[in-house]
Amino acid sequence: MSTHLPSGPPTADPARTARLRDALRSADFTAEGLLDLLGAPAYAALARGETVPAERATRGDGALETLVRLFLLQRPVPYGRARAVLPVEDCLADGWLVRSGAEAGGVGAVRSGDAEAGPVRTGGTAAGAVRTGGAEDAVRAVVDVRPYGGPEGQDWWIVSDLGCAVGGAGGIGGHGPTAVDRSQLVLGVGGASTTLAGLTVRTPVGKALDLGTGSGIQALHAAQHATHVTATDLNPRALRFARLTLALSGAPEADLREGSLFEPVGDETYDLIVSNPPFVISPGARLVYRDGGLSGDALCRTLVQQSAAHLNDGGWCQLLANWQHVEGEDWHDRLRSWVPRGCDAWIVQREVQDITQYAELWLRDAGDHLGDPARYAERYDAWLAEFEARKTRAVGLGWITLRKTGSDRPSITVEEWPHPVEQPLGPAVVAHFERQEYLRTHDDAALLAARFRLADEVVQEQVGLPGAEDPEHVVLRQNRGMRRATKVDTVGAGFAGVCDGTLSAGRILDAIAQLLGEDSVLLRDRTPESIRLLVEQGFLLPVTDE
C-alpha cells in the first residue's frame, strides 16, 4: 500500500461510493445521529470549531464514535476499528483514507460565514494528523465528511478539505509535501451556506445554476427540485469536491464547469441562479475561496448586474453579498443602482461592520493574528489603506434576491433588518414578491374593493403606562417569516383585527368611521397608504376567489 497522501480529493467510483454511503448510514453517521451522540452543547461547540467536547463524547469504540473521530475530529483510528465500520479497502483505493504513516494531508483556512454572509467570531480547529504507531496500524481521513440534514429529512454528507468544515482559519496550516495551498482550499458547511440554502426559493424548476459551488452544498439542494443543475467554480479542486458531495449524498450528477462568474455558461439562461460568492472586500485576491479579486464590492455588483441576461422570464437569482458604505453615498441608493432592468429586487442588510472590525475579522480568518506581529500590522494597514482610498466607512452584509419580471415599474426593496428571522425563508421570499406584484397592479380604488385576511400568527401588543386608559401605541407583530413588527393607530389596529376575508376593505372602513364618528370619505382617502404598507410587510394577505 502506498504511503504517500494523494494530492487531490478522492475519486467517486459509483459502486464503491454507494457502499461507503450505506456504511455511513448504517452507523447512523447522520446529522440526527451526531446530535444524539454528542448532545446539543458538544454538537454546537463542534459547529464553532471547538473539538474538545466532541472528543470527550467519543472515547468509546462504537461505530458512530469511530466515524466521528475519523472524519470530524480527523484523528487516526485503528485499522481494525475502521474495517468494522467501513469498506476500508474501497476507501483506501479511492483515496478517502490513507494509512496513518502517510504524510499529513493539506489542511488550512476556512472562510467562516455567520448566519448572514459574515464571519464567525471563533478560532480554528487543529486538524493535523497524529501517528499512533506503525504505518500499517491505523488509517486517517484525507477529507472532512460532515453529516448534513436535507430539507425533507434526507441524510446528506458534505465533503471538504480537512479542517474546512467549521471554525476559523486561525491555527490551521498545511503540512508535508502534498499540503494544499491555502488559497485553493475548499470549504464545507458554514453559516453563510446554510443561510443561503434556507433563503432559496424551492419551487420546481427546469434549470438551476450554482455559481461558485465550492463543496457543492447549493447544487445538492438544487438537485432536489431542478431537472438540470449546472455548478461552476474558478477552483478546479472545488468542482471535484462538489462531485464527491453529490455522489456520496446519492444526488443526481450536475454539469460541473470551471471558470469565473458567468464565463463558463456563455449565453445560457436559467430558472434559478444561486451563489455564495467570494464576497469579502479585501486588498487583492489572496484567498480564492473568499476574495473576489475585483476592486471593492465590484464582484457582487457585477454578479447582480449580469444575472438578468442569464435568467428566464420569472426566474430567480439569490446570493449573499457584502457592500461598501461609501462616504457621501446613501447605501440604499448604491444598491438600487445595481439592480438590472426588468428585475424586481429585495435586498436585506443583516449587519454593518466598521472597517476596523471587518479587517480584523478577516485577518483572523486567515490566521494572520497568529504570525509575525509586524506582518499582521502591515496587512492590517493595507486593508485600512484600501478602504480609505475608496472612501469606505463601513461594510454591509446581507442577501440579495432578484426576480425577472420584465416590468417597466420594478419593485425594488432595500432595507435593513438585523433581527432574527425564521428559516427556511424561501416561502416568505416567494410571498414577498407576490405581494409586490399585487400592489403594483392594484391602485387605491382596487385596494378598497379588495378583501384581506390577517396573516397567521400575528399578535397585537398594546404599549403604554400601567393603569393608563388608552395605550400610547399598538404594535402588530409577526411570529413567522421575517418576524416583523409595525406600529399602527386605532384605525389600523381595528382594521387588521376585522380582516377575515369576508368584507371588502372599503366596507370595513365605513363601519370603523361610523363607530368613531368620522367622515367615511375622508377615512377612505387616507387609509389606502396604511393598507398598502400592511400588505407589503405581510401582515395582511389578499383574498381571491380562485
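The values are calculated or read from the model by the stated rules, or taken from the named source; none is laboratory data. Every value quoted in this text rests on a predicted model; they were computed, and no experiment measured them. Glycine also receives a Cβ, built like all others from the backbone with ideal geometry; neighbour counts cover every protein chain displayed.
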Return the only residue of Val352, Val395, Val429 being touching a residue at least 40 places away in the same chain (Cβ under 8 Å) and under 18 Å from Arg483 (Cα atoms).
Val429
Just one listed residue, out of Arg393, Arg453, Arg440, Arg364, is modelled with pLDDT of 95 or more and farther than 22 Å from Glu529 by Cα, and it is Arg393
I'd like the full set of residues that are more than 26 Å from Ser183 (Cα to Cα) and either assigned to a strand (DSSP E or B) or free of Cβ contacts under 8 Å to residues at least 60 places away in the same chain (or both), limited to region 220-239.
Ala222, Ala223, His225, Ala226, Thr227, His228, Val229
All but one of (1) under 18 Å from the mean Cα position of the chain (by Cα); (2) in contact (Cβ under 8 Å) with a residue 60 or more places away in the chain hold for Asp291; which doesn't?
(2)
Condition first: touching a Lys or Arg at 6+ places or on another chain (Cβ under 9 Å), buried (at least 19 other Cβ atoms within 10 Å of the Cβ) and under 13 Å from Gln305 (Cβ atoms). Now tell me which residues in region 336-346 satisfy that.
Trp338, Cys343, Ala345
When you scan region 205-214, do you find a residue that is surrounded by fewer than 17 Cβ atoms within 10 Å (Cβ to Cβ), assigned to a loop (DSSP other than H, G, I, E, B) and over 16 Å from the mean Cα position of the chain (by Cα), even just one?
no
Before we move on, is Ile508 closer than 15 Å to Ala449 by Cα, at pLDDT 95 or above and under 36 Å from the mean Cα position of the chain (by Cα)?
no
Evaluate region 32-50: report whether one residue or more is among the aromatic types (Phe, Trp, Tyr), modelled with pLDDT of 95 or more and out of contact with any Ser or Thr (no Cβ under 8 Å at 6 or more places or on another chain).
no
Looking only at region 405-420, decide whether some residue is closer than 30 Å to Tyr270 by Cα, within 28 Å of the chain's Cα centre (by Cα) and of a type in the set (Asp, Glu).
yes
How many of the residues making up region 377-424 are part of a loop (DSSP other than H, G, I, E, B) and in contact with a Gly (Cβ under 9 Å, 6 or more places away or on another chain)?
12
Given the residues Pro177, Pro252, which is the only one that is in a loop (DSSP other than H, G, I, E, B) and either modelled with pLDDT of 95 or more or within 30 Å of Leu402 (Cβ to Cβ) (or both)?
Pro252
